[in-house]
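Following: one structure in structure tokens, then a few remarks.
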Amino acid sequence: MKKHIYLFLTIFSFSLSTFSQSVGITDFMRLNPYSNFNNPAYFTPYKGYVGVPGIANFNFSFYNSGLKYKNIIELDAQGFPKTITPNKFFNSLHPTNNWLNTELNLELLGFGFRVEKLFFSFNYRLKFDERFKYSRDLLGFFIPGNLAQKDNGEYLYTKESPAILGISPNINIYQEMSIGFQGQILNRLYIGARPKILFGLINLKTENFQATIYSNPKDYTIYGNYDVSMNIASALPFYTKDANGNINLSLGSLLNFENGVMGVVKNVFSKNLGFAIDLGAVYRINQQIRVSASITDLGFIKWKGTPLNISIKPLPDGKDYEFAGFTTNQISNFIKNGINISLDSIINNNFVVQGIDSYNTMLTSKIMADGYFDLTPSNRFILQFKGYIMGKTLLPQFTVAYNGTFFNFIDVVVSYSILPKDYSNLGLGLGLRLGPIHLYAGTDNVLAPLNLLNTSKLNATFGLLIDFPVKAKVKEVRLESIFKKKEVKREQEDNEKVKSKN
């Protein structure tokens, strides 16, 4: 156990497999106030709205670039599993850049209101972001069968040709309070900003996780050399220190409310503070065409709640760590007592677990640019680029979309998105305004449930809110049109009416 805690960390890191893109279908819903989360400058066509607490805006997203059922299992003519194809699966993965990501976004409280040409909003949200990047050898090493051997029968991973494991798990669970501002500063130009205060709950940040490992095919002993640095923090303590200052990991300490409920609340809203901002602008070229750009979730969290650094330095002179498996006594102790590990006995010059003062993490920022064309007042076409900034990696996404708004109570969106190695993302969204009640739901990949185990992108959003006024919308100022209009006088009258209302 003293030697082999690093293997536990490897398995633990692999089990934390999830983060992704936010659901984009609401970006294109003209009647939906939450479209401005894509760009805080988007025009909101109401005097105000109130979200139903807890269900006003729910988003779930999943992105999987490599783990596909079709590459693991070969089917027969009737569509039933025939054989396992580990070599095909292994070769389908990228050598170093594979992703398994998830995002959960839940609004607990939200509302907005208009003051003349300005629109203000408040939102309180709970967010879960996690991304897991891994190398091909991570799965190639642990999958038994044909991958253990080369085509000529020789063992695949030896000391001379070890598996190269590159792992990068990152988790961020936090609360977000924001105040949004959207204003029309010219007839053609809108600007928007949304500053946010962040309250971190749980974080796992991988600074570095590189390993070279191989195994003995006779007794399955695993040998490896590791270069690891990971930071962990929590608003509630997850380890304790004894009288000598030795660190003991204990899940039980998370449930130890020595300072009462108020102590827990104080930790949740004070230990891990951060700041972020959304910025955006929309420019109307004429009545039919507009362009916009934004950057969202530009910010950080400073983690000061029981932060811990875990590091493993590689052994010198070609030496390797050795793992022969957990003993019966160790497994029995886990079952009886849970995870309660004294780290003092395993700290040495190569493996170090130590408390630190604090560390920072950046949010997954998004950059966006789009263009709109209104063929008619009810029919809009959109072209959008969005990039997800994950550390030093940019994940691009291109989308074309159609939005139809009819009779002031139906909001329809059809979209098609392209991501790296993923070309089957047909989105569908629907919003209904039934008096003051506004219901909406949508997904960026409506075909995903039909082929769930082979999809790269799966997401869904839904919500319930109240808009006012109930019948009429707040209209934008009419601009010069690219189409010739016969009723010029009527347009001028409409402009005068809008100006008088504002």
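The values are calculated or read from the model by the stated rules, or taken from the named source; none is laboratory data. Computed from a predicted model, the values in this text were never measured in an experiment. Please note: Cβ atoms are built from the backbone with ideal geometry, for glycine as well, and neighbour counts cover all protein chains shown.
Yes or no, residue by residue, for (1) surrounded by 22 or more Cβ atoms within 10 Å (Cβ to Cβ); (2) at pLDDT below 90; (3) under 30 Å from Tyr63 (Cα atoms); (4) of a type outside the set (Phe, Trp, Tyr):
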{"position": "Asn101", "(1), (2), (3), (4)": "yes, yes, yes, yes"}
{"position": "Leu109", "(1), (2), (3), (4)": "no, no, yes, yes"}
{"position": "Pro144", "(1), (2), (3), (4)": "no, yes, yes, yes"}
{"position": "Ala148", "(1), (2), (3), (4)": "no, yes, yes, yes"}
{"position": "Pro195", "(1), (2), (3), (4)": "no, no, yes, yes"}
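Which of the following residues is in contact with a strand residue (DSSP E or B) (Cβ under 8 Å, 6 or more places away or on another chain), surrounded by fewer than 17 Cβ atoms within 10 Å (Cβ to Cβ) and outside any strand (DSSP E or B): Leu439, Leu452, Leu432, Leu428?
On the way: Leu439 fails: outside any strand (DSSP E or B); Leu432 fails: outside any strand (DSSP E or B); Leu428 fails: outside any strand (DSSP E or B).
Sole residue among the options that is in contact with a strand residue (DSSP E or B) (Cβ under 8 Å, 6 or more places away or on another chain), surrounded by fewer than 17 Cβ atoms within 10 Å (Cβ to Cβ) and outside any strand (DSSP E or B): Leu452.
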Asn403 meets each of (1) in contact (Cβ under 8 Å) with a residue 40 or more places away in the chain; (2) under 22 Å from Asn101 (Cβ atoms); (3) of a type in the set (S, T, N, Q) with one exception, condition (2)
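A quick yes/no check of all residues on (1) part of a strand (DSSP E or B); (2) farther than 30 Å from Ala211 by Cα; (3) without any contact (Cβ under 8 Å) to a residue 12 or more places away in the chain:
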{"residue": "His94", "(1), (2), (3)": "no, no, no"}
{"residue": "Leu100", "(1), (2), (3)": "yes, no, no"}
{"residue": "Arg114", "(1), (2), (3)": "yes, yes, no"}
{"residue": "Phe119", "(1), (2), (3)": "yes, yes, no"}
{"residue": "Lys127", "(1), (2), (3)": "yes, yes, no"}
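So that you can scan it fast, the table gives a plain yes or no per residue for (1) at pLDDT 90 or above; (2) under 24 Å from Lys68 (Cα atoms); (3) in contact with a Phe, Trp or Tyr (Cβ under 9 Å, 6 or more places away or on another chain):
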| residue | (1), (2), (3) |
| --- | --- |
| Met390 | no, yes, yes |
| Leu395 | no, yes, yes |
| Asn403 | yes, no, yes |
| Asn408 | no, no, no |
| Val413 | yes, no, yes |
| Lys421 | no, yes, no |
| Gly427 | yes, yes, yes |
| Ile437 | yes, no, no |
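Can you tell me how many residues within the range 152-191 are among the basic types (Lys, Arg) and closer than 30 Å to Asn57 by Cα? If you could, list the steps in order and put the result at the bottom.
So in the range 152-191, the residues among the basic types (Lys, Arg) come out as 159, 188.
Pick out the ones that are also closer than 30 Å to Asn57 by Cα and you get 188.
Total satisfying the criteria: 1.
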Boolean, Lys68 is over 30 Å from Ile202 (Cα atoms) and either among the basic types (Lys, Arg) or at pLDDT 85 or above (or both)
no
Could you please tell me which pairs satisfy a Cβ distance under 8 Å, a separation of 6+ or placement on different chains, a first residue in the range 165-194 that is part of a loop (DSSP other than H, G, I, E, B), and a second residue that is of a type outside the set (Ser, Thr, Tyr)?
Ile185/Ile191; Asn187/Arg284; Asn187/Val477; Asn187/Leu479; Arg188/Arg284; Arg188/Ile285; Arg188/Leu479
